[in-house]
Ligand SMILES: [Zn+2]
Ligand SMILES: [Zn+2]
């Protein structure tokens with residue numbers, strides 16, 4: 001049995017989602033942006049993501065990268081798509097965004 005440190009603890013996994021933001025760009029398609037980082041497109045119907053993690057480590061037959069997992073949690077209503085928190089924060093961009101700038 002190898003040492004896994006705390007990579008698998010729920011706390012660590014959840015913390016990763018808190019810098020993510022999901023935006024639906026088409027039916028079943030989400031753009032997941034890491035704050036201050038890169039953006040990836042998740043296809044819910046295909047269960048695919050265009051990040052390297054998914055391409056090289058997960059693959060269609062394998063597991064889901066954290067973008068995919070994030071989108072699933074957002075769709076299930078577990079996490080807020082704007083701030084990635086289970087309980088939406090007052091500082092959440094989703095809250096302060098009014099529709100008028102679109
Ligand atoms: Zn991904
Ligand atoms: Zn929020």
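The values are calculated or read from the model by the stated rules, or taken from the named source; none is laboratory data. Since we're looking at a predicted model, the values are computed, not measured. Neighbour counts run over all protein chains shown; Cβ positions are idealised from the backbone, glycine included.
So which residues in the range 63-80 are over 14 Å from residue 21 (Cβ atoms) and either within 12 Å of ligand 1 (Cβ to nearest atom) or surrounded by 11 or more Cβ atoms within 10 Å (Cβ to Cβ) (or both), if there are any at all?
The first filter runs over the range 63-80 and keeps only residues over 14 Å from residue 21 (Cβ atoms), leaving 63-65, 68-69, 72, 75-78.
If the condition is that a residue be over 14 Å from residue 21 (Cβ atoms) and either within 12 Å of ligand 1 (Cβ to nearest atom) or surrounded by 11 or more Cβ atoms within 10 Å (Cβ to Cβ) (or both), then 63, 64, 65, 68, 69, 72, 75, 78 are the ones that fit.
Which number in (1) surrounded by fewer than 16 Cβ atoms within 10 Å (Cβ to Cβ); (2) within 12 Å of ligand 1 (Cβ to nearest atom); (3) at pLDDT below 85 marks the one condition that residue 58 misses?
Evaluating residue 58 over (1) surrounded by fewer than 16 Cβ atoms within 10 Å (Cβ to Cβ); (2) within 12 Å of ligand 1 (Cβ to nearest atom); (3) at pLDDT below 85 leaves (1) as the failure.
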